[in-house]
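The values are calculated or read from the model by the stated rules, or taken from the named source; none is laboratory data. Bear in mind that the values here come from a model prediction, so they are computed numbers and not experimental data. All Cβ positions, even for glycine, are placed from backbone atoms using ideal geometry, and neighbour counts span all protein chains on display. Each accessible area value is taken on the protein alone, full model and side chains, heavy atoms only, with ligands, DNA and RNA left out. Shrake-Rupley method; radii C 1.70, N 1.55, O 1.52, S 1.80 Å.
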Amino acid sequence: MNADWSSSVEARARVHAALGDAGRLAIVDRLLLGDASPGELGQALGLPTNLLAHHVKLLQEAGVVERRRSEGDRRRTYLRLVPQSLSGLLPAAARPAPRIVFVCTHNSARSQLAAALWSRASTVPATSAGTHPAPRVHPRTLTLAAHHGLDLDHAATRHVDQTLRPDDLVVAVCDAAHEQLADIDRLHWSIPDPVRAGGDEAFERAYTDIADRVQRLAPAVHSPQE
C-alpha cells in the first residue's frame, strides 16, 4: 500500500470516527459558522464539563478542532473548526437575517474587510461597527482592500450602539468585541488582530481567514422575505 495514500486514509478515518457521536457532531455544527469557548459550547449544547472535555479532546486529536487563547480576556480560550478537515461539509442550518453587522473593537480592519467581502458573496446587506471605534480605517486595511479589489475608499468607522438594529445578525470578528457584547445574540469569529501583530503578512492572514469564513456563512444566511 502506498504510504501517502495510507496516511491520508488513516487521517480521514480518524475524522469519521471523531464525528461518529451525536455530541461531537453537535459541537462541529456549532463551530461551523462561528467560534466558541468551552463554557459557551457546554451551555449551548447542554453538555456537562467532563463530557464536553472528552469530546473536544477527540476532535482536537482528529484535527477537526483547534484551540487558541483570547486576545481580550487572556484567561479564556476559544475553539474553532479546522475547515480543511471537513472540506465537503456545508452549513447545517439557515439563518434568516435582514442585515449582517460585523463588529470588532476599533472597526478599522477586520470588521471593515468582513463587510466588504460579504457584499461580494451575498445579497443580504452588510455593514460594520466597533465597540471602541478608531478615528479612521487603518491605512494597511485600505491598501490590502485595494490589492484584493475591495472598495473601502469611502469607509468610515462607527460605534456599535449607533449601528445595530433589533433583527441584525451580529458577527463579532475579534475576541474583545465578543466578550463586550455579552447581552447580544451573535456569532463569534476569533480572528487575531492584524494591527496588533503589525506587518502586511498579518493583514493578509486576517483577510484569508475572514474570506474563508464568509464563504462558509454566506450560504446559510438569507433574507426573511426569501
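For segment 34-131, what relative contact order do you get, as a whole percent, if you take Cα pairs closer than 8 Å and at least 6 residues apart? Mind dumping the intermediate values first?
Numbers: 110 pairs, mean separation 20.4, N = 98.
The value is 21 percent.
Would you look at the GNM of the chain, springs on alpha carbons closer than 10 Å, and say which of ARG110, ARG140, ARG74 moves the most?
Result for the chain, Cα springs under 10 Å: ARG74 fluctuates most.
For HIS222, which sequence-distant residues (separation of 5 or more, or a different chain) have an amide H within less than 5 Å of its own amide H, given hydrogens modelled in the peptide plane?
ARG95, ALA97
Using θ = phi - 60° and the Karplus form 6.51 cos²θ - 1.76 cosθ + 1.60, what ³J(HN,Hα) does each residue of segment 111-121 get, whole Hz, x for Gly and Pro?
Couplings: 5, 5, 5, 4, 5, 5, 5, 4, 5, 6, 9 Hz.
So the label point goes 7 Å from the Cα of ARG196 along Cα→C-beta, right? Which residues of segment 33-62 then have their backbone N under 19 Å from it?
35-38
Which whole-Hz couplings ³J(HN,Hα) result when phi for each residue of segment 19-27 is put into the Karplus expression 6.51 cos²θ - 1.76 cosθ + 1.60, θ = phi - 60°, listed in order with x for Gly and Pro?
Along segment 19-27, the couplings run 8, x, 8, 4, x, 5, 5, 5, 5 Hz.
If you restrict to DSSP beta bridges whose two residues both lie in the chain, what percentage is antiparallel, to the nearest 5?
30 percent
Pick from GLY42, GLY72, GLY199 the residue whose mean-square fluctuation is largest in a GNM of the chain, springs joining Cα atoms under 10 Å.
GLY199
Give me, ordered by chain and number, the residues 5 or more places off VAL82 or on other chains with an amide H under 5 Å from its own placed amide H.
Residues meeting the amide H criterion: VAL65, GLU66.
Determine, for each peptide in 56-64, 99-107, the mean count of other beta carbons within 10 angstrom over its residues, then list the peptides with the highest first.
Packing proxy ranking, top to bottom: 99-107, 56-64.
Using 7 Å Cα-to-Cβ label points, what is the ARG165/ASP183 separation (nm, one decimal)?
Placing both labels 7 Å beyond Cα along the Cβ direction yields 2.2 nm.
³J(HN,Hα) across segment 68-84 via Karplus (A = 6.51, B = -1.76, C = 1.60, θ = phi - 60°), whole Hz, x for Gly/Pro?
9, 7, 5, 7, x, 8, 5, 6, 9, 10, 10, 9, 9, 6, 9, x, 4
Per residue, how many Å² of accessible area does the chain show with a 1.4 Å probe? Walk me through the numbers on the way to the answer.
Details: 11580 Å² over 226 residues.
Here the residues of the chain average 51 Å² of exposed surface.
Multiplying the sequence separation of LEU86 and HIS222 by 0.36 nm and subtracting their Cα-Cα distance, what value in nm do you get?
The span from LEU86 to HIS222 would gain 46.7 nm if fully extended.
Can you tell me the dipole magnitude for segment 32-163 around its Cα centre, using point charges on the Cβ only (Lys, Arg +1; Asp, Glu -1), in Debye to the nearest 20?
Using Cβ point charges on Lys, Arg, Asp and Glu, segment 32-163 gives about 200 debye.
Given [x] 11.3; [y] 12.3; [z] 14.1, which label gives mean projected area of the Cα convex hull in nm² as computed from the coordinates?
Recomputing mean projected area of the Cα convex hull in nm² here picks out [z].
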